[in-house]
1. Could you list all residues from segment 113-146 that are in contact with a Lys or Arg (Cβ under 8 Å, 6 or more places away or on another chain) and away from the ligand (no atom under 16 Å from the Cβ)?
2. Return the pair list, or none, for Cβ contacts closer than 7 Å from residues in segment 84-99 that are more than 15 Å from GLY63 (Cα to Cα) to residues that are part of a helix (DSSP H, G or I) and near the ligand (Cβ under 10 Å from one of its atoms), at least 6 apart or on different chains.
3. Report, ordered by the first and then the second residue, all pairs with beta carbons closer than 6 Å, sequence separation of six or more or different chains, a first member in segment 240-264 that is touching a residue at least 40 places away in the same chain (Cβ under 8 Å), and a second member that is among the hydroxyl-bearing types (Ser, Thr, Tyr).
4. Within the set of pairs 6+ apart or on separate chains, which have a first residue in segment 163-191 that is farther than 22 Å from PHE243 by Cβ and touching a residue at least 24 places away in the same chain (Cβ under 8 Å), a second that is within 11 Å of the ligand (Cβ to nearest atom) and assigned to a loop (DSSP other than H, G, I, E, B), and C-beta atoms under 7 Å apart?
5. If only one of ILE67, ILE3 is of a type in the set (Val, Ile, Thr) and under 19 Å from the mean Cα position of the chain (by Cα), which one is it?
6. Report, by residue number, each residue of segment 9-64 that is farther than 30 Å from LEU181 by Cβ, in contact (Cβ under 8 Å) with a residue 12 or more places away in the chain and within 23 Å of the chain's Cα centre (by Cα).
7. Tell me, which residue of segment 248-261 that is open to solvent by less than 50 Å² (accessible area, probe 1.4 Å) and under 17 Å from the mean Cα position of the chain (by Cα) is nearest to ILE9 (Cα to Cα)?
8. Does segment 17-26 contain any residue that is in a helix (DSSP H, G or I), under 30 Å from GLU362 (Cα atoms) and not β-branched (Val, Ile, Thr)?
Amino acid sequence: MSINQVPFITLNRFENGFRENFLKGVENLFEKTQFVGGPVVGELETGLSNFVKAKYSIGCANGTDAIQIALRAVGVAKNEKVLVPDMTFWATFEAVVNVGANPVTVDVNRETCHWDIETFKKAVTEFKPKAAIMVHLYGWASPDTLEIRKFAKEAGVLLIEDGAQCFGTEIAGESILGSALISTTSFYPAKVLGASGDAGAIFTNDETLNQTCRILINHGRTDHYSHGLIGWNSRIGAYESLFLKLSLEHITARLESRRNAIKYYSESLQGLPFKPVNATSNIKENGYCAVGMVDPALRPALIESLKKANIGFGTIYPGAMSLQAGAKDHMVGSIDYGNAHHISQAVLNLPCFAYITKEELEYVCQTVKNHFKK
Ligand SMILES: Cc1ncc(COP(=O)(O)O)c(C=O)c1O
């Protein structure tokens, strides 16, 4: 069968038996009316800890809450400064404001699309923040991740790592999520490990942070009707936990499929004005997202060719955080080299999802190559 369309993302490619297992499990939970909490949440958290190699995993309602809870758990309070990258998803910025703190946007490196150590050091020296949120975008991370962690620790800056896009990513052979002081992820359905609804998690190796996060996600409860803190209701649902637990059984195959897709694009799309961008050599990416850069003047025409060929695409993200209409009333500083803005104009993401076929990848690559032959 010849291919004439490829979605940007599809959520419907499940392993044989996955659907049946999930529906059987839902029936079981329904029979027991186990809708919130119960053993399935603990089973998921154990599975997550084993995979991510973090001592503690705390399931919660979504990835945005996870960041807010982590900020509160490390002790970020009202009007304290928190550094955030100028290139990220808006939730990173939003989370800082939602806990009453003040965001400072810090530009990313134009080549790696992430923070580099020099800019991070400059931002810490200039703004003396209480905390910083390092974001690992696109399924990879800053090549300077370990240096940034070390510098933050020495400078007394509490470093939270937003790993909504880096589930399964490794740096220097270690799980990024599992080796942070505290990291967060999103299980939004389109993520590498996606749920059947909204969900998220926080990871840490620190017993006190684990306890505080657990209290914060459940109304600050220290006992059923004793409340030690002002928290949230950010509990993870039972159906989502079941779906995630079953998905985790297939995570190795899903990651392999995504990584192969990224490799296919980088090998096939050489020598074109559209340039695939990949993780640096110290990072093993998870294949969350296929990223390429093209001269902003050439992007609209390439997008038209993809549209004509029924190929889905993304521009992740089309605007820097500091330029969002909602940012100006909350930002208390920025380091702006124009890099996040440039990336937002140059980036183009090609279809990437678990179990994308070789024929689909070929069709996308051929369309991109034909576009530049014209
Ligand atoms: C980098 C980043 N941070 C935070 C989030 C927020 O996660 P959620 O949508 O689960 O709240 C996302 C999800 O899209 C994300 O990509």
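1. PHE127, LYS128, PRO129, LYS130
2. VAL84/THR92; VAL84/PHE93
3. Qualifying pairs under 6 Å: GLU240/SER196; PHE243/SER196; SER257/TYR355.
4. These pairs meet every condition: ILE176/HIS136; ILE176/GLY163; ILE176/CYS166.
5. Step by step, each of ILE67, ILE3 is checked, and only ILE67 is of a type in the set (Val, Ile, Thr) and under 19 Å from the mean Cα position of the chain (by Cα).
6. ILE9, THR10, LEU11, ARG13
7. ARG258
8. Within segment 17-26 (the criterion being in a helix (DSSP H, G or I), under 30 Å from GLU362 (Cα atoms) and not β-branched (Val, Ile, Thr)), the answer is yes, since at least one residue qualifies.
The values are calculated or read from the model by the stated rules, or taken from the named source; none is laboratory data. Not measured: the values here are computed from a predicted model. Don't worry about glycine lacking a Cβ; one is built from the backbone with ideal geometry, like all the others, and counts go over all protein chains shown. SASA here: full protein model, heavy atoms, side chains in, ligands and nucleic acids out. Shrake-Rupley method; radii C 1.70, N 1.55, O 1.52, S 1.80 Å.
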